[in-house]
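K.L.:
Sharing a structure below in structure tokens format, with a few things to ask.
The values are calculated or read from the model by the stated rules, or taken from the named source; none is laboratory data. Keep in mind the model is a prediction, meaning the values are calculated, not measured. For neighbour counting, all protein chains shown are included, and Cβ atoms are generated from backbone atoms with ideal geometry for every residue, glycine included.
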């Protein structure tokens, strides 16, 4: 940043309204709770009924782990729930894949809303992005890579099908087939949903919380407080991309939020300050709630007679 932008950045952090952490804490915590409920709906469609407390704790510990290593949280979520609720880990992997597919669809909807409602602001940027990455000279190579990937997937599918049929008597092959069958069962959990509308409701609620939380975050500093409510959609899009490219959006979140706010003529220093504040709020929530969940999980899953003994001491 230039000296002027750096001064703006520091002054914004000094004068920021940190009391906004309170409503943002509840808004984002609601999104995490909703995500736990949605995941539980998928598991119930397979005949498992994990406790909401364990499911929520697994979600939060997963978020915490993602700040260390990308996708580590997904593995840890399955491990925790598999341990405490005896849900097969392979089936949980299938439900995670379903969740990611639904999140991708939700993210695409947020992008479409951004383009439809803020075309006069983000239209030129979207057009430039489309020309640079979709219609660039490298597009042909990208299409070839995708085609090769699809062919590899199809070939792997038929190869596994042949191996399972021919060598099922081998213990390792049987174990591998059980794992693949479990993942497929998890993937098919979306097909057997008993509460489809409740699943859709929570999917909408999760992303609504993200949008509302982003908008409330605008009021952290006075320079971004005047942004329109609909600006929360493109800012959320940029912020979500940041969480994809780096673990938990570390480093990239303030940078990409700043770039989104530049489209609304917010100077770089103020945009980056707001992005850092919004990222910090998310990080603090995950850090605090995730650590609490990690600490209480063993207590929540103690046999009742052990808890009674502890309470009487």
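K.L.:
Scan (1) over 21 Å from residue 243 (Cβ atoms); (2) not in a loop (DSSP other than H, G, I, E, B) for the single condition residue 87 breaks and write down its number.
P.N.:
It is condition (2) that residue 87 fails.
K.L.:
Scan the range 99-106 and give yes if some residue there is surrounded by 11 or more Cβ atoms within 10 Å (Cβ to Cβ), modelled with pLDDT under 70 and in a helix (DSSP H, G or I), otherwise no.
P.N.:
Checking the range 99-106: not a single residue is surrounded by 11 or more Cβ atoms within 10 Å (Cβ to Cβ), modelled with pLDDT under 70 and in a helix (DSSP H, G or I).
K.L.:
Evaluate the following for residue 114: is it closer than 24 Å to residue 248 by Cβ and at pLDDT 90 or above?
P.N.:
no
K.L.:
When the residues of the range 44-55 are narrowed to those that are part of a helix (DSSP H, G or I) and surrounded by fewer than 21 Cβ atoms within 10 Å (Cβ to Cβ), which ends up modelled with the lowest pLDDT?
P.N.:
44
K.L.:
I need every pair where a residue in the range 4-31 that is closer than 11 Å to residue 273 by Cα has its Cβ under 8 Å from the Cβ of a residue that is modelled with pLDDT under 85, sequence separation at least 6 or different chains.
P.N.:
9/1
K.L.:
Where in the range 212-313 are there helices (runs of 4 or more DSSP H), lying fully within it, with 1 or more residues that are touching a helix residue (DSSP H, G or I) at 6+ places or on another chain (Cβ under 7 Å), at pLDDT 90 or above and under 19 Å from residue 122 (Cβ atoms)?
P.N.:
Correct list: 232-245, 252-262, 268-300.
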